[in-house]
1. Return the tail of the calculated pair distribution for the stretch A:314-396, meaning the percent of Cα-Cα pairs more than 16 Å apart.
2. Under 8 Å for C-alpha pairs, at least 6 residues apart: give me the relative contact order for the stretch A:411-546, rounded to a whole percent.
3. For the stretch A:531-551, list residues with backbone N below 19 Å from a point placed 7 Å from the Cα of residue A:497 toward its Cβ?
4. From the Cα trace of the stretch A:107-263, what convex hull volume per residue do you get, rounded to a whole Å³?
5. When averaged across all projection directions, what area in nm² does the alpha-carbon convex hull of the stretch A:6-110 cover?
6. State the extension gain, in nm to one decimal, for the chain segment bounded by residue A:196 and residue A:458, taking 0.36 nm per residue of separation less the distance between their alpha-carbons.
7. What distance in nm separates the simple spin-label points at residue B:124 and residue A:444, each placed 7 Å from Cα in the Cβ direction?
8. When the expected Rg is taken as 2.2 N^0.38 Å, what fraction or multiple of it is the alpha-carbon Rg of the stretch A:104-199?
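What follows is calculated from the coordinates using simple rules that are stated; it is not laboratory data. What you see is a predicted model, and the numbers here were worked out from it, not measured in a lab. Neighbour counts run over all protein chains shown; Cβ positions are idealised from the backbone, glycine included.
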């Protein structure tokens, strides 16, 4: 992973010093509240329902064992001993205190971590594929480019005051695990006879107006990545709406201008910048790539439970089938660790969990772990013969659930329990659904299904792209939930369709169950939820869902 | 680099020859007959389109750039466009809701003169420029 040099560390230290001065000034009444608000947001600090919330950046989801241990200690020293992984591969603390924030940021800086631009109207954390560098369907490793973009976007002088937040995702594999089509900018590394190139997608996003992005450049030479993105951001910074924050995202501008005019405006702005000083030299990207060189793999051969791996029991085989993924390197596997556990909010981890993950990363995966945008953890480089041992160790920490991609692997925002934007709670809904699908046998029989829950239309829980999407709404002071079905996040991204009237919290898990029953009743062998939906039509699901509802 | 403090954060307006705003024709403040050959002062609003005033840049000696709110990013891009696209080398003076904390980024976009908002501490303001010893992007020089 990327190793900070002295310049990077000094930069981070200066950023901490700067925020310490700003906080001191604010607390002394020398810095106006509306100005400090913007400055603290750009250091990841929100004021939530009950306390401040700090969102710590985990660039493209890569985190070291050392950093996980530091995070564990920070949750103990500054918070209540737990934290929450987000859909932007970040981690959030729910109870830090404002006056302790400069010290907290200082502690993060000790392990090369920060909270820069994790909120505010600026370029947010760059997200990517959690299997970058190990996926068998990879065209090129996106991480060197993701790190290059992280640096470029960090305190960019021109783009710190955009009309609204700005999210960039990048993938380098055939299967899109970074949901690039629902980002302000989505980048897809491709290659042909002439070499590597980027597809540039713009104007996707969820929130109040969910839209799938459009491709404005089908073949961008990689050396032009920074100058081209500068042009996109410059057009957005100049012409994006600032009069209405609900219409301020780039997707609205792209839609208003039209794809052709927007592309022309970008190309016009690009002419000035193209081949200029920010053109990426081969040396420069090679230096970034060095940070992501392959670890010291042993020379091994591929093993399976039926040949080579000593299987101990049936739970292992189920976990292996569900949570272990193929790897580029013979004899290795990528392991998905579920953070969707009974009695724990989706994506939440305790300080002990974080330390356990750190130990396991050290012992089994070259001291590194990945955070996924589905709020789980990946150990990317595990020797296949050590999988039974790892499975046992995970079991000791309640981290061995074999539910990757199944109904209980829900994406869920913190919702009304924490977030001041939320219209409704989402964690209790996830808990009720978890209980409904708790039986592992039945859940496996049901198969792949994404259930995504957001507590408001800001859509942090990505409800639009869940096979079943659940959105919290406020109906005369009561919590109701609107359902949509048929969403999809990946390379065939699409927005779910609203099913019908919203339902009360007490009934939501029953409705979800009836939708899955309808799917099981109609599906043919191997058919996904969306394929069945497309074939059968929404009406069948609608009547199944609302049958016998009291509200 | 210049730091100007005024009572209300706005520059004296009588020197300005033209004001550009949005798609509008420029507002002529001085006799338009005289404008062609003399060096001029332009005022540019945040919503102005550079194409509309580019013919006047050759004679411009001072550009007053309006920052309507400290959260408005448009003047940053306008300054960058003036420097990078139009190769304007004269003074760009930002005025409006200009706060000390923003001087560094404004400066890095090619702005070389600042009219601070009333109440901002002028003494400490210039110290904000160059606070960081490293940046991840090249600066746009004036």
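1. Working: 1681 of 3403 pairs.
For the stretch A:314-396, the fraction of Cα-Cα distances above 16 Å is 49 percent.
2. Working: 259 pairs, mean separation 25.3, N = 136.
Result for the stretch A:411-546 is 19 percent.
3. A:531-547
4. Cα-based convex hull of the stretch A:107-263, divided per residue, equals 120 Å³.
5. Details: hull surface 27.7 nm².
That works out to 6.9 nm², a quarter of the Cα hull's surface.
6. Details: separation 262, 0.36 × 262 = 94.32 nm, distance 3.49 nm.
Result for the pair: 90.8 nm of gain on full extension.
7. 6.3 nm
8. Details: Rg = 14.7 Å, N = 96, 2.2 N^0.38 = 12.5 Å.
This ratio for the stretch A:104-199 stands at 1.18.
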